Amino acid sequence: MTAPIRPSRPRQPEEPARQESLRTLNLEMVFRHILAAGQPISRTELATASGLTRPTIGRIVEELLTGQLITEAGLARDGRAGRPRVGLTLSRTGPAGLGLDIRADGLAACVVDLTGNVRHLAFEPSAYTDGDAGAVLAELARMAQTAIDAVSAEYLTVVTATLAVPGPVHAGVVRSAPGLGWCDVDAGGMLRGFTQHLELPITVDNEANLAALGELYASDNTLDSFVYVSGGLGIGAGIVLDGQLMRGARGWSGELGHVTVHPDGKPCPCGSRGCLHTYASLEAILSDDPLPEGTSPDAAIAARAEAGDPGTLVALDVAGTALGVALSDMLNILDIDTVLLGGSFSLLSSWLTANVRTEIDQRVLTAAWAPVTVRPALLGPDAAVIGAALTSIDQIRQHPIAWLAQQPERSDRVRS
Ligand SMILES: [Zn+2]
């Protein structure tokens, strides 16, 4: 007979730690019910859904209201009979999440509230490809301050920030971002240094991963398994399988730009040959044609394609085909049925999609009876910065107790 699995040390019911954890578990469970409701939910409905007593629900709701995590909004009707009751819903004031993104054509900042609504979105065109990480991060710190000031006027407090970067990241250090000229740059540490006065926890993540999370949240659960392909300073892929981002053993999955398309092809900055990057990066599509002053690379490519420039149209054909070849390998292995073209590729999707689809139809074994969807990302070029902001606020949505624990400290700071 198999022995039951027991905790290594039985907990004592009277232990304060247990009481505290029970309080946390109940509070977070009630908050999750309010999150999942999607519409105002009454205290009675919460008691039924959670199995907790009315007095316990009343105490938790009071704590969530005081902490600005929820608000009373309108009336919710319970069941078919009875009088309408006060509904509870997520607050549009209180905690907020900040996202920052380094794009091919500039820098972006975004703030979302607890409901996931974008409350601030700013973009500043720039070209930062000379390897000066300090200049880029100082500029982002300035944009972060502007964003925080803008939303504080709407009674929102930014509690955490996430920075999206075009390359693999480990513990805040960007291992390689050839498009920026960065190698082993401690972006997290540097940005924390520039924003020291804000006392803001900062996480750094790969932009394709964050964009994929942004698309996942924005799809309202209609997307389950997909690959988000990000074109820009490099080519990255955010892979979502069964509703979960697939990061890989060290968090470095999705380096689609360095998948081999032609083994004897052109040399790639990574040291290999014939990578997708050498056919489909913005740099490859632009070839050696200089950009007009102040023009972003993706906008310049789109303008040339619209004007019927033969060289640009051929380069886009080559890029679309190479992208389709590389993606087909991924789809054959992972059984994914949706491809989202994001970042700069969302702007160029009209010229890329047909060739991507042709290659997938020919090369993905199951495509004949289960066609693969190829379409631009819902959030367009803002997917990564919105995904970064949503990832930030998700920390509070998952653990509201962390925000509540800071409240006395915050009010002390305001008073002093
Ligand atoms: Zn490469």
For ASP149, the lone unmet condition from (1) surrounded by 14 or more Cβ atoms within 10 Å (Cβ to Cβ); (2) at pLDDT 95 or above is (1)
Residue set VAL173, VAL185, VAL165, VAL169; condition surrounded by fewer than 20 Cβ atoms within 10 Å (Cβ to Cβ) and in contact with a helix residue (DSSP H, G or I) (Cβ under 9 Å, 6 or more places away or on another chain); output residue VAL173
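Would you confirm whether or not region 332-339 contains a residue that is open to solvent by less than 10 Å² (accessible area, probe 1.4 Å) and within 21 Å of LEU245 (Cα to Cα)? Walk me through how you get there before you give the answer.
Taking region 332-339 and keeping what is open to solvent by less than 10 Å² (accessible area, probe 1.4 Å), we get 336, 339.
Restricting the remaining residues to those that are within 21 Å of LEU245 (Cα to Cα) gives 336, 339.
Yes, some residue in region 332-339 is open to solvent by less than 10 Å² (accessible area, probe 1.4 Å) and within 21 Å of LEU245 (Cα to Cα).
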Checked against (1) within 20 Å of LEU233 (Cβ to Cβ); (2) over 27 Å from the mean Cα position of the chain (by Cα); (3) within 16 Å of the ligand (Cβ to nearest atom), LEU291 satisfies every condition except (3)
Looking across region 246-288 at residues that are buried (at least 16 other Cβ atoms within 10 Å of the Cβ) and at positive phi, the single one that is nearest to the ligand (Cβ to nearest atom) is GLY274
Meets criteria (within 16 Å of the ligand (Cβ to nearest atom) and within 22 Å of PRO168 (Cβ to Cβ)) for VAL240:
no
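Quick check on my filter: what residues within region 348-368 are within 30 Å of ASP105 (Cβ to Cβ), of a type in the set (Gly, Ala, Ser) and open to solvent by 60 Å² or more (accessible area, probe 1.4 Å)?
SER350, ALA354, listed by residue number.
The values are calculated or read from the model by the stated rules, or taken from the named source; none is laboratory data. Just so it is clear, the model here is predicted, and its values are computed rather than measured. With ideal geometry, Cβ positions are generated from the backbone for all residues, glycine too; neighbour counts draw on all protein chains shown. Note: areas computed on protein heavy atoms with side chains; ligands, DNA, RNA excluded. Shrake-Rupley method; radii C 1.70, N 1.55, O 1.52, S 1.80 Å.
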